[in-house]
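A.B. asks: If you scroll down you'll find the structure; I have some questions about it.
The values are calculated or read from the model by the stated rules, or taken from the named source; none is laboratory data. All values reported here derive from a predicted model rather than from experimental measurement. Don't worry about glycine lacking a Cβ; one is built from the backbone with ideal geometry, like all the others, and counts go over all protein chains shown. In case anyone asks, the SASA skips ligands and DNA or RNA and just uses the protein heavy atoms, side chains included. Shrake-Rupley method; radii C 1.70, N 1.55, O 1.52, S 1.80 Å.
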Protein chains: 2
Amino acid sequence: MITLAVDCMGGDHGPRVTLAACRQFLATHAEARLLLVGLPESLQAFAHERATIVAASEVVTMDDPVEVALRRKKDSSMRVAIQQVKDGNAQAAVSAGNTGALMAIARYLLKTLDGIDRPAIATQMPNARGGATTVLDLGANVDCTAEHLLQFAVMGSALVSALQEGGEPTVGLLNIGEEAIKGSEVIKAAGELLRSAGKSGDLNFYGNVEGNDIFKGVVDIVVCDGFVGNVALKASEGVASMIVGALKQEFKRNIFTKLAAIIAYPVLSALMRRMDHRRYNGAALLGLRGLVFKSHGSADALAYEQALNRAYDAARNNLLDRVRTRVAHAAPLLAPADAQVPPSGMAAATH
Amino acid sequence: MITLAVDCMGGDHGPRVTLAACRQFLATHAEARLLLVGLPESLQAFAHERATIVAASEVVTMDDPVEVALRRKKDSSMRVAIQQVKDGNAQAAVSAGNTGALMAIARYLLKTLDGIDRPAIATQMPNARGGATTVLDLGANVDCTAEHLLQFAVMGSALVSALQEGGEPTVGLLNIGEEAIKGSEVIKAAGELLRSAGKSGDLNFYGNVEGNDIFKGVVDIVVCDGFVGNVALKASEGVASMIVGALKQEFKRNIFTKLAAIIAYPVLSALMRRMDHRRYNGAALLGLRGLVFKSHGSADALAYEQALNRAYDAARNNLLDRVRTRVAHAAPLLAPADAQVPPSGMAAATH
């Protein structure tokens with residue numbers, strides 16, 4: 001039996017979406033239990049034999065500064081949900097709330113694993129092979145050292161081998177074109193570390209990849225610092241929205257194009273299903289002494305359910321032990337990380 | 001009369017594409033002259049009263065290392081084309097060759113402008129407003145300082161005001177989400193410098209933007225370091241290719257979807273025209289004492305012609321003087337740039 005703690009108040013839509021997703025999740029997972037965390041009056045209508053309401057008197061809003069979420073709202077649904085993981089009442093927590101607050105609270109309550117300086121956020125992006133590429137970090141860390149990038153690679157490998165079928169997942173280091181100067185000093189040093197880790201059997205290093213390789217599906221895991229990962233993710237979302245918007249505009253142009261849209265409808269909806277980002281909802285916060293998953297704030301019930309599924313699969317497949325074991329195995333390579341952070345690199349550690 | 005020096009041998013297709021584009025360009029620009037640079041035997045069939053063949057005995061290939069292009073092939077078509085600009089025979093050079101080699105040769109022959117430490121590569125990306133967003137740097141520089149980013153902003157403003165209608169173009173600083181930690185120390189310092197430059201009238205600073213804002217068209221110019229810009233560009237190309245690929249696959253699925261494709265054809269081709277990256281071909285190498293434009297290596301004649309058009313418009317609108325004037329005006333803010341580069345930041349300066 002796996003128990004998930006769900007921050008039912010988080011996200012743009014709150015209980016309306018989270019409870020609908022919980023109901024659906026329970027219906028398809030007979031071996032799962034849920035702890036529904038939030039304001040009791042918002043949750044009391046939900047009744048299920050495998051669901052228990054856990055009261056929390058406060059809610060972290062999407063614009064609450066990290067400091068407010070962490071120091072002032074000590075009884076928030078987000079914090080109480082993570083506390084359930086810390087106390088061993090749940091094997092994983094799920095929230096659609098404010099990412100910065102979630103990371104800060106998770107880090108404060110759960111602490112990082114031995115050998116990990118900084119937790120990372122790993123998400124999936126769809127690729128042309130019909131699968132998904134896992135990318136990390138997605139914004140938790142700026143100014144990473146080579147050792148941080150190696151830590152991300154090790155944690156990402158644990159995540160993907162816990163959640164996907166197949167052999168040891170391949171890892172690519174995000175870099176710039178062959179034609180241009182091949183990466184900064186940090187990236188070059190990370191490449192050497194990753195090659196060593198490949199030789200010592202800590203991970204399956206493929207080599208450098210470029211931005212477009214994320215979507216080609218050249219490797220299972222793409223490693224980058226949080227600034228680059230965040231820009232790549234947002235830029236990709238921007239392009240996809242622009243194309244979809246243009247497609248809609250062109251089909252709405254006149255009576256003939258509207259007719260064409262009706263005829264092409266089955267094809268267009270197949271395309272939209274295939275590109276549906278909701279299928280990839282549920283980012284993992286990796287490197288903590290407990291499992292936490294982040295749903296997109298704007299998730300609907302289908303997307304939120306997907307985040308619950310991912311958290312469930314991660315817990316069932318012992319993601320935490322896998323990360324711990326891999327980090328321990330790679331310890332000789334990981335050791336000196338924060339000692340080498342330049343002064344400007346401490347930004348991420350101060351929140 | 002504007003004269004362009006064209007590296008006819010560069011790119012994946014060489015004279016077959018470049019000469020076709022030159023013919024079309026001459027037909028639509030009665031006030032233009034071309035210097036066609038390359039192997040005489042490859043160019044001699046081209047005859048036009050406003051075109052002159054300039055012999056070069058060597059060709060820089062797409063995989064030539066920068067060192068080979070710069071030190072060994074001293075009579076390459078790329079180098080001879082840039083030499084025409086240096087000697088005052090042409091107002092701009094255009095090449096579809098190897099970016100690293102082009103930048104290195106251009107920098108070696110032309111030198112940088114006073115007040116500019118590092119040239120940048122600026123390209124256009126289509127946006128949802130039906131226009132284009134200019135993004136720089138696209139890979140010439142990794143590990144930039146805040147002052148470098150300010151230089152890019154100043155040069156980008158000169159480029160856009162030379163090539164686009166409208167008032168003073170707006171500049172956005174590429175950063176990560178509000179929710180996460182707001183950028184590295186370099187980005188924070190760049191934000192302050194850009195705000196100062198906005199106040200002193202050196203540019204029209206909008207503020208921070210995120211990856212998706214490139215494609216929304218929130219600002220005219222997006223400034224970032226070359227690593228981030230390269231990843232954003234390549235990731236965006238990757239997403240667009242994936243969506244177009246999926247659209248084609250879905251329409252080819254069976255007889256009904258193929259029929260739908262025929263009916264939807266006018267709409268789909270309107271979409272493809274709108275997203276056609278060839279319309280945005282022609283990246284500017286900014287910060288040099290002469291104008292150089294880079295075409296995509298895989299450009300066809302239509303795309304290459306667009307690069308010629310951009311070079312022509314830039315020369316006609318005195319881009320070089322505009323950059324020089326703006327850089328001089330912003331000199332008090334720009335002064336200390338390379339003094340503050342960390343040791344790892346020198347990578348880009350060594351080639």
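A.B. asks: Out of B:ILE263, B:ILE221, B:ILE214, I need the residue that is at the interface with another protein chain (Cβ under 8 Å from one of its Cβ atoms) and in contact with a Gly (Cβ under 9 Å, 6 or more places away or on another chain). Which one?
C.D. replies: Going through B:ILE263, B:ILE221, B:ILE214 in turn, the sole match is B:ILE214.
A.B. asks: Filter region B:215-252 down to the residues that are surrounded by fewer than 22 Cβ atoms within 10 Å (Cβ to Cβ) and polar (S, T, N, Q), then identify the one that is farthest from the chain's Cα centre (by Cα).
C.D. replies: Once the filter is applied, the top-ranked residue is B:GLN249.
A.B. asks: For residues that are buried (at least 24 other Cβ atoms within 10 Å of the Cβ) and touching a Gly at 6+ places or on another chain (Cβ under 8 Å), tally how many sit in region B:144-179.
C.D. replies: 10
A.B. asks: Report yes if B:GLY97 is of a type outside the set (A, V, I, L, M, F, W, C), buried (at least 23 other Cβ atoms within 10 Å of the Cβ) and in a loop (DSSP other than H, G, I, E, B), otherwise no.
C.D. replies: yes
A.B. asks: Looking at region A:190-210, is at least one residue touching a strand residue (DSSP E or B) at 6+ places or on another chain (Cβ under 7 Å) and within 8 Å of another protein chain (Cβ to nearest Cβ)?
C.D. replies: No, there is no match, as no residue in region A:190-210 is touching a strand residue (DSSP E or B) at 6+ places or on another chain (Cβ under 7 Å) and within 8 Å of another protein chain (Cβ to nearest Cβ).
A.B. asks: Next up: If you check B:ARG278, B:ARG253, which single one turns out to be in contact with a helix residue (DSSP H, G or I) (Cβ under 9 Å, 6 or more places away or on another chain) and facing chain A (nearest Cβ under 10 Å)?
C.D. replies: Matching residue, one of B:ARG278, B:ARG253: B:ARG253.
A.B. asks: Here's a follow-up. Basic (Lys, Arg) and without any contact (Cβ under 8 Å) to a residue 24 or more places away in the chain, is that true of A:LYS74?
C.D. replies: So A:LYS74 passes the test.
A.B. asks: Listed residues A:GLY131, A:GLY156; which is within 14 Å of chain B (Cβ to nearest Cβ) and either over 21 Å from B:CYS144 (Cα atoms) or at pLDDT 95 or above (or both)?
C.D. replies: A:GLY131
A.B. asks: With modelled with pLDDT of 95 or more and under 30 Å from A:ALA153 (Cα atoms) as the only criterion, which of A:GLY115, A:GLY88, A:GLY38, A:GLY100 stands out?
C.D. replies: Exactly one of A:GLY115, A:GLY88, A:GLY38, A:GLY100 is modelled with pLDDT of 95 or more and under 30 Å from A:ALA153 (Cα atoms), namely A:GLY88.
A.B. asks: OK, next. Listed residues A:GLY167, A:GLY139; which is closer than 14 Å to A:PHE205 by Cα and modelled with pLDDT under 90?
C.D. replies: One residue alone meets the criteria, A:GLY167.
A.B. asks: Still on this structure, I have one more. Examine region B:282-301 for a residue that is in contact (Cβ under 8 Å) with a residue 12 or more places away in the chain, facing chain A (nearest Cβ under 8 Å) and open to solvent by 10 Å² or more (accessible area, probe 1.4 Å), and state whether such a residue exists.
C.D. replies: no
A.B. asks: Let me ask something else about it. Exactly one of (1) modelled with pLDDT under 85; (2) under 30 Å from B:LEU113 (Cβ atoms); (3) assigned to a helix (DSSP H, G or I); (4) open to solvent by 10 Å² or more (accessible area, probe 1.4 Å) is unmet by B:HIS351. Its number?
C.D. replies: All conditions are met except number (3).
A.B. asks: Quick one: A:ARG324 ticks every box in (1) within 14 Å of another protein chain (Cβ to nearest Cβ); (2) in a helix (DSSP H, G or I); (3) surrounded by fewer than 22 Cβ atoms within 10 Å (Cβ to Cβ) bar one, so which box is it?
C.D. replies: Among (1) within 14 Å of another protein chain (Cβ to nearest Cβ); (2) in a helix (DSSP H, G or I); (3) surrounded by fewer than 22 Cβ atoms within 10 Å (Cβ to Cβ), the lone unmet condition for A:ARG324 is (1).
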